[in-house]
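First up is the structure itself, then whatever we jot down about it.
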Amino acid sequence: MASRTASKDIIALRGSAAIVSEFFGYAANSILYNRAVYPGESFAKVKKYGLTMPLTQDEWVNFITSATSKNSEWLGAGKLQGIVMVIMSKATSEVIERWNFNIDTYPEVVEKGSIKEKSDKKIMREIRAIKRQIDSCITDLPCLDEPCVFDMLAYTDTDVDAPDTWIESDTKLIHNTQMVKLHSFDTKVHKVDTVVSYKKNEDDTSSSSSSVIREARIELLEAELGRFVMLANESAEEI
């Protein structure tokens, strides 16, 4: 009886890990498409979550696919606390935008094997809301008026070993930022909160102290975790 329960727990955890990691892959494609980091013709349109989604057809799709696979593995082990997509200047490597997907894993699922139910329809509805919000908030972000590249950061437990394609990284924070909190979604195993931060216009001096406080809290929290950044720039240089 115990072994049967354990088997069900593994399936529940892995199933949620697959949903969340797949969401990251599609979210990454949507961000890169909407922010025109790569040409629009590099993307095909596919149906997912009941929506039309951009999906890259270029070779660097292997980077996102590889990252999604590793994220799923870490999520299934309860070892992943967040994924950050960083958009940087190709010329200077200055961080321009930071798309932060914070992950809370329900400890009772990993530690005690608890199983909670939530319908796929509710999860998909929450994911659709995030996708629509990513699309709509693009109009409020500053224009990317120079060629850009991206990196992907994984915030993991400190005892996680990273593959050779990942290296340790700093937090790549943006100083003097504006932050926009998007919708979250919850599988009852993992909860994902989404925040996009970007460099504030130098002429806008409002709320500067609160931005610094938020950054300081994020940096303090992330200092407790292992950090790895996947080598994306090499695959993106030729685009």
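The values are calculated or read from the model by the stated rules, or taken from the named source; none is laboratory data. Remember, predicted model here, so these are calculated numbers, not experimental data. FYI the Cβ positions are ideal-geometry reconstructions off the backbone, even for glycines, and counts take in every protein chain you see.
Couple of notes before you dig in:
- In segment 144-162, residue farthest from Ile103 (Cα to Cα) [restricted to those that are touching a strand residue (DSSP E or B) at 6+ places or on another chain (Cβ under 9 Å) and exposed (fewer than 10 other Cβ atoms within 10 Å of the Cβ)]: Asp159
- Of the residues screened, Ser93 is not one that is of a type in the set (Ser, Thr, Tyr) and either in contact with a strand residue (DSSP E or B) (Cβ under 7 Å, 6 or more places away or on another chain) or farther than 28 Å from Tyr33 by Cβ (or both).
- When each of Ile167, Ile130, Ile103 is tested for being part of a strand (DSSP E or B), of a type in the set (Val, Ile, Thr) and within 19 Å of Ala17 (Cα to Cα), the lone residue that passes is Ile103.
- Once segment 111-145 is narrowed to residues that are modelled with pLDDT under 85 and touching a helix residue (DSSP H, G or I) at 6+ places or on another chain (Cβ under 7 Å), the residue that is farthest from Gly76 (Cα to Cα) is Ile138.
- Filter result (farther than 16 Å from Lys131 by Cα and surrounded by fewer than 12 Cβ atoms within 10 Å (Cβ to Cβ)) within segment 37-58: Pro39, Gly40, Glu41, Ala44, Gln57
- Identification of strands (runs of 3 or more DSSP E) wholly contained in segment 14-94 with 2 or more residues that are of a type in the set (A, V, I, L, M, F, W, C) and closer than 18 Å to Cys148 by Cα yields 80-89.
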